[in-house]
1. Residues to consider are Glu65, Glu77; find the one that is free of Cβ contacts under 8 Å to residues at least 40 places away in the same chain and among the acidic types (Asp, Glu).
2. I'm checking my understanding of the structure. Among residues of segment 11-41 that are surrounded by 14 or more Cβ atoms within 10 Å (Cβ to Cβ) and charged (D, E, K, R), which one is nearest to Arg54 (Cα to Cα)?
3. If you scan segment 1-10, which residues turn out to be surrounded by fewer than 11 Cβ atoms within 10 Å (Cβ to Cβ) and touching a helix residue (DSSP H, G or I) at 6+ places or on another chain (Cβ under 6 Å)?
4. Surrounded by 12 or more Cβ atoms within 10 Å (Cβ to Cβ) and farther than 18 Å from Val12 by Cα, is that true of Phe82?
5. Pull out all pairs, ordered by first then second residue, where Cβ-Cβ is under 9 Å, the residues are six or more apart or on different chains, the first lies in segment 31-54 and is without any contact (Cβ under 8 Å) to a residue 40 or more places away in the chain, and the second is among the polar types (S, T, N, Q) and exposed (fewer than 12 other Cβ atoms within 10 Å of the Cβ).
6. When you check Gly59 against the structure, is it modelled with pLDDT under 95 and within 17 Å of the chain's Cα centre (by Cα), yes or no?
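The values are calculated or read from the model by the stated rules, or taken from the named source; none is laboratory data. All values derive from a computational prediction rather than experimental measurement. Methodologically, a virtual Cβ is constructed for each residue, glycine included, from the backbone with ideal geometry; neighbour enumeration extends over all protein chains shown.
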Amino acid sequence: MALFHILDPDEVDLPFQDLMFFEGMEPGDGRTLVAEARDLASAFREESAMFRQRWQTLGIEARVEYRFARTDTPPAEILHPFLAERAGRP
């Protein structure tokens, strides 16, 4: 079993510089934040990396292969190496 964790580059890097309005996207999460994105970017990148690491760790514990990909990577570049590795397995 494999889990493909696919995120938009903006969800990984937070490349914005201006004043931004952030709102919770999970059901029932009504939190909002207005902040300069550049002030949050470094902490955001760290949290994003730790979030992905937690999913990878959970995958290892559940014996699920974790693959991270970004939406700016063509699907063939994501799937080809995965399928090639799988084909080489018994």
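1. Glu77
2. Asp13
3. Taking segment 1-10 and keeping what is surrounded by fewer than 11 Cβ atoms within 10 Å (Cβ to Cβ), we get 1-2, 8.
Selection gives nothing.
4. yes
5. Glu36/Gln17; Ala37/Gln17; Arg38/Gln17; Ala41/Gln17
6. yes
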